[in-house]
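Here's the structure we're looking at; comments come further down.
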Amino acid sequence: MKTEVLGRLRRFWIGVAMFAFAAGGLAILAPEGNAEYADVVINNYSDKAGMRPVVFPHWFHRVRFRCKVCHADLGFQFKAGGNDINMVKIIEGQFCGACHNGEIAWSVENCNLCHSAVPNTPTQVHESTLQKLVAPAGDRKK
Amino acid sequence: MRPWKLGAWLVLGLALTAGAMLTEAADPNTFNRLLPSAAKRNPPPPDDGIHDPVNEGTHMLQPPKDAFGQLPKAPSGNYIDWVKSLDGKKIQPRYDRIDTAAEPIVMDLNIVREVKGSMPDVVYPHKQHTEWLDCSNCHPAIFVPQKGANQISMAGILLGEKCGVCHGKVAFPVSECVRCHSKPKGDGAAAQKTGTTPPDAPKK
């Protein structure tokens, strides 16, 4: 009986300690949401399908390709979330799939390299002027 | 000592440290109160606030700073001057998805737009744009290819129209005013002639 109470207490305190650790860690490490300029989050379907939203890094791709390759040849419209991309199209070789096919770049089986955003992050262009007009630079800590 | 008491002290200690750290962070007299610190620029994916640090793949992505080391700097955006990076061949982005030898069709034509108000006139260089883009990216949907046919305003640009379709989203933002407003009013000396390269970003 006594050991059971002690055990429960210990579990309780371990719980509290873990919570305190988590809270402390969060307070110190909480990222400010200052992602790389022009990172695009695409989340028309991902969250609903139980996947993390997609992050497309412009900086990484523009080191390797001119805008023309994607925005003229491959037909990506200049609008975050505006291309109705889904996995069937990608596997068929459209959009991201024109390159992420195991020939030009690693293939679709690396789900979590694309589906890497914090769940519930809405579709957006990160650090865009519009985003900053809505939430001015100094105000980002909330 | 009973293990649970140890637990209690541990928690108290942690709470106090965390509390102290929090109050420190909230010092009302920091030197730069609103200016985001330069050290926080180009954060690695796990710390950037949009990538999920719990996701394994996040840790395989390249941190921007690893890639940006050698590239010419700029005051905003990615903090990289992409035009200079390309001109100086620091990067060699493909013009074709597969053909590494494909060369861009570059058009060297400057358009000067006289600006109302006090700001210097704007020089729009086709050269730097056609290095990256295809004519069809802008004409005719964003800009009608006819002199005088396009209404452009700063308000519209800030809302993502005209130049603002890219500038402020992917290309350098409008905070770098003088990169566009580069031709002083009433003196024909600077970069006016068709076919010249516009003056570069301001000398520092």
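In the range B:79-120, taking the dipole from charged Cβ atoms about the Cα centre, the farthest positive-side position among B:106, B:117, B:86 is held by B:117. Fewest neighbouring Cβ atoms within 10 Å first, the residues A:40, B:178, A:54 line up as B:178, A:40, A:54. The alpha-carbon of residue B:89 sits under 15 angstrom from the alpha-carbons of these aspartates and glutamates, leaving out residues fewer than 8 places away in its chain: B:81, B:103, B:131.
Sparse packing (at most 10 other Cβ atoms within 10 Å of the Cβ) combined with a DSSP loop state is found for the following trypsin sites (Lys or Arg not before Pro) in the range A:47-134: A:48.
The convex hull built on the alpha-carbon positions of the range B:71-204 has an orientation-averaged projected area of 9.0 nm².
Just to verify a number: FRET efficiency for residue B:146 and residue A:73, C-beta to C-beta distance, R0 = 25 Å, to 0.05? Step by step, r from the Cβ atoms, then E = 0.45.
For the peptide B:136-142, the mean number of other protein chain Cβ atoms found within 10 angstrom of a residue's Cβ is 2. Dividing the radius of gyration of the alpha carbons in the range A:32-139 by their Kirkwood radius gives 0.96 for Rg/Rh.
Only the coordinates and a few stated rules stand behind these numbers; no lab work does. Since this is a predicted model, take the numbers as computed values, not measurements. All Cβ positions, even for glycine, are placed from backbone atoms using ideal geometry, and neighbour counts span all protein chains on display.
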